[in-house]
Amino acid sequence: MTAPPASPHAMSDQPDVLYRILGPGVNLSLWQRPSQWVISRELSALRASDLPDVRCWTSRASFDDDVCALLRQQDLDPLAFTNWRIDLVRLAEMFFAITEGRDVALRLETTEDDGCRRFHVDRTHLRLLCTYRGPATEWLTDAQVDRVAQANGSPNDCIIRGGEPSQFQPFWVGILKGDAYPDNAGHGLVHRSPPIVGSGQVRVLFCLGC
């Protein structure tokens, strides 16, 4: 009997699932972890203007120092976010292990805007996303995507063949494989930021990319 093809989407409530992004044909690994109230409490007071998409290059050795520098740059006290920073370091360590320690782009953002409204593919190798507060990333299964329409710049109504997008939940950690990953051109995960304008909600987003 022929084995069924491997799923391009690896999902589990265990953190080791993130390493499955390195497998051939996998374009999403998703750790479906529970929320942490101590972190939610720290982030509850953040306003949309506090972290207006701040970013920098970072390394395994300098990661927490770089996070602290970005917070201070926005007049935020790093000591007020101790539990959040511990969690960021934990996720970063996993991402550095997966990317074999290369330097990566670090991004922190608080926003009440829609961000990337159109479903798109990252032109990167790998990207880690975790929304700590507010609605999280929406994504499409391969069967839902008209990749020709997506590549041609068509609107979302043309890109989605049918069904509703899937969506991360707060605190879930996803690693997305982009079109620049070796042998993955044309197969990167199609995703977008959730529409939230006018809802009164603030998203708190953490992103690493290489």
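The values are calculated or read from the model by the stated rules, or taken from the named source; none is laboratory data. All figures in this text were calculated on a predicted structure; none of them were measured in a lab. When we count neighbours, we look across all protein chains shown, and the Cβ atoms used for this are built from the backbone with ideal geometry, even at glycine. All accessible areas refer to the heavy atoms of the entire protein, side chains included, with ligands and DNA or RNA removed. Shrake-Rupley method; radii C 1.70, N 1.55, O 1.52, S 1.80 Å.
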| message | Checking D179 against (1) out of contact with any helix residue (DSSP H, G or I) (no Cβ under 9 Å at 6 or more places or on another chain); (2) part of a loop (DSSP other than H, G, I, E, B); (3) touching a residue at least 60 places away in the same chain (Cβ under 8 Å): exactly one of these is not met. Which one? | response | (3)
| message | With the requirement that a residue be part of a strand (DSSP E or B) and either hydroxyl-bearing (S, T, Y) or surrounded by fewer than 19 Cβ atoms within 10 Å (Cβ to Cβ) (or both), what does the stretch 157-176 give you? | response | I160, S166, Q167
| V67 passes all but one of (1) open to solvent by 90 Å² or more (accessible area, probe 1.4 Å); (2) closer than 28 Å to Y181 by Cα; which number fails? | (1)
| query | Scanning the stretch 92-118 for residues that are within 14 Å of the chain's Cα centre (by Cα) and assigned to a loop (DSSP other than H, G, I, E, B), which turns out surrounded by the fewest Cβ atoms within 10 Å (Cβ to Cβ)? | reply | C116
| message | Among the residues of the stretch 125-144, are any touching a residue at least 24 places away in the same chain (Cβ under 8 Å) and among the basic types (K, R)? | response | yes
| query | Do you know which residues across the stretch 70-79 are of a type outside the set (S, T, N, Q) and either at pLDDT below 95 or loosely packed, with under 14 Cβ neighbours inside 10 Å (or both)? | reply | R72, D75, D77, L79
